[in-house]
1. Amide H neighbours of LEU48 under 5 Å, counting only residues 5+ apart in sequence or on other chains, H built in-plane at 1.01 Å?
2. Can you figure out the FRET efficiency of ASN43 with SER106, using R₀ = 30 Å and their beta-carbon distance, to the nearest 0.05?
3. Tilt of helix 6-21 relative to the longest C-alpha principal axis of the chain, in degrees (0 to 90, nearest 10)?
4. Please give me the summed charge of the neighbours of ARG81: other residues whose Cβ is under 13 Å from its Cβ, Lys and Arg +1, Asp and Glu -1.
5. Given 0.36 nm per residue, what is the gain on full extension from ASN5 to ARG128 after removing their alpha carbon distance, in nm?
6. Output needed: percent of Cα pairs per 10 Å distance bin for segment 1-58, bins running from 0 to the one holding the longest distance.
7. With every protein chain left in place and a probe of 1.4 Å, what is the accessible surface of PHE139, to the nearest 10 Å²?
8. Taking the Cβ of MET135 as the center, what net charge do the other residues with Cβ under 13 Å away carry, scoring Lys and Arg +1 and Asp and Glu -1?
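The values are calculated or read from the model by the stated rules, or taken from the named source; none is laboratory data. Computed from a predicted model, the values in this text were never measured in an experiment. Here the Cβ positions follow ideal geometry from the backbone for every residue, glycine too, while neighbour counts run over all protein chains shown. Calculation scope for accessible area: heavy atoms of the full protein, side chains included, ligands and nucleic acids excluded. Shrake-Rupley method; radii C 1.70, N 1.55, O 1.52, S 1.80 Å.
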Amino acid sequence: MNWRNGKLRLFLGLAVVSLLFVPIVPILIVPALSLNILDESRNPIPNLRIQQTWRHYTYQFGDETSEVISDGNGVAFFPERTARVSLGQLAWGQISKAISINPHASFGPSAFFLPRGNNSGSASYSSRGSIPTEMIVKF
């Protein structure tokens, strides 16, 4: 190999940059799940908008959100949430997790579910807990 060849060095440089910065590795953030949306008397609530916010704190810098509407039986279905990250993000995330001195830092995947409108309630998911199956909504 002739390393003095400018085209070869450019190609190798672009290959390294691509591996470090192009998002090619899929990661699971939240598995597909369904939530039974219930009122305080445990009756199903149909047609209620539920917002899902998810993020993998180790690799992502911002939240993603989406809304679904509960069906006629009060069930809200959420698809699997994934992201693509680069090898550089994977490496940086693991290094940050290993050297973090912030006791309040978050790592790993999480998701929050909130009813929209003039009511309250919530459900959450993290890789350290169980998958939520219901959310009680107070009006």
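1. Here the answer is SER70, since their amide H atoms fall under 5 Å of that of LEU48.
2. Working: r = 35 Å, r/R0 = 1.15.
According to the calculation, E is roughly 0.30.
3. Its long axis makes an angle of about 20 degrees.
4. Values: positive: ARG55, ARG84; negative: ASP63, GLU64, GLU80.
Summing Lys and Arg as +1 and Asp and Glu as -1 gives -1.
5. On the way: separation 123, 0.36 × 123 = 44.28 nm, distance 5.10 nm.
Gain in length upon complete extension: 39.2 nm.
6. 15, 24, 18, 15, 12, 9, 6, 2
7. Looks like 150 Å² after rounding.
8. Working: positive: ARG42, ARG49, ARG116, LYS138; negative: ASP39, GLU40, GLU134.
Surrounding charge for MET135 is +1.
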